[in-house]
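Written out below as structure tokens is the structure these notes cover.
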Amino acid sequence: MKKNKIQDQFLEELTKVPIVQVACEKTGLSRNSVYRWRKEDKTFEKKMDEALTSGVAFVNDMSESQLLTLIKEKNYSAISFWLRHRNDNYKDRIEITTKEDNEALSPSQAKVVRHALKLASITKQKSIRKINK
């Protein structure tokens, strides 16, 4: 019975702060014990997953609330963050359009592609060298 009570306390802490180490510290448990229980007890594993999911949702709600407060205070960084992540007109994006034919790039086209990839920082120099060939 004591084990179930400690597990319940741990799961409750996990719903408040979805970080296993923090929940362990608050309940006096070791991470090894928690992960052993998780491995041996499928019911506990399911409850732990649910607690983590609930905890993440709680922190997300708190974070959005704080972000909205900052937006109301006209905090530019908060406004920019919100727009870049919630409005398609402000998202950082790369658009690639292609034809289905397998024509080789002309030297000027290859140069444009290399430059675009460098600016986008989505590839390494080795990949850019392959385009040159």
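Observations, loosely collected:
- Distance between the pseudo-spin-label points of Thr97 and Leu119 (7 Å out from Cα toward the beta carbon): 1.6 nm.
- Counting neighbouring beta carbons within 10 Å and listing from fewest to most, the residues Val34, Val113 come out as Val113, Val34.
- Model label points for Lys72 and Lys5, set 7 angstrom from Cα along the Cα-to-Cβ axis, are 4.2 nm apart.
- Gain on full extension, evaluated as 0.36 nm per residue between Glu64 and Asp49 minus their Cα-Cα distance, stands at 3.2 nm.
- Ranking of Asp92, Asp49 by neighbouring Cβ atoms within 10 Å, starting from the fewest: Asp92, Asp49.
- Each of Asn87 and Lys111 was given a label point 7 Å from its Cα along the Cα-to-Cβ line. The distance between the two points is 3.8 nm.
- Taking Cβ atoms as reference points and 9 Å as the exclusive limit, the residues near Leu11 contribute a net charge of -3, counting Lys and Arg as +1 and Asp and Glu as -1.
- Among Met62, Met48, sorting on how many other beta-carbon atoms sit within 10 Å of each Cβ, with the fewest leading, yields Met62, Met48.
Just so you know, all these numbers are worked out from the coordinates, no wet-lab data involved. Because the structure is a prediction, the values reported are computed rather than measured. Note that we place each Cβ from the backbone using ideal geometry, even for glycine, and neighbour counts take in every protein chain shown.
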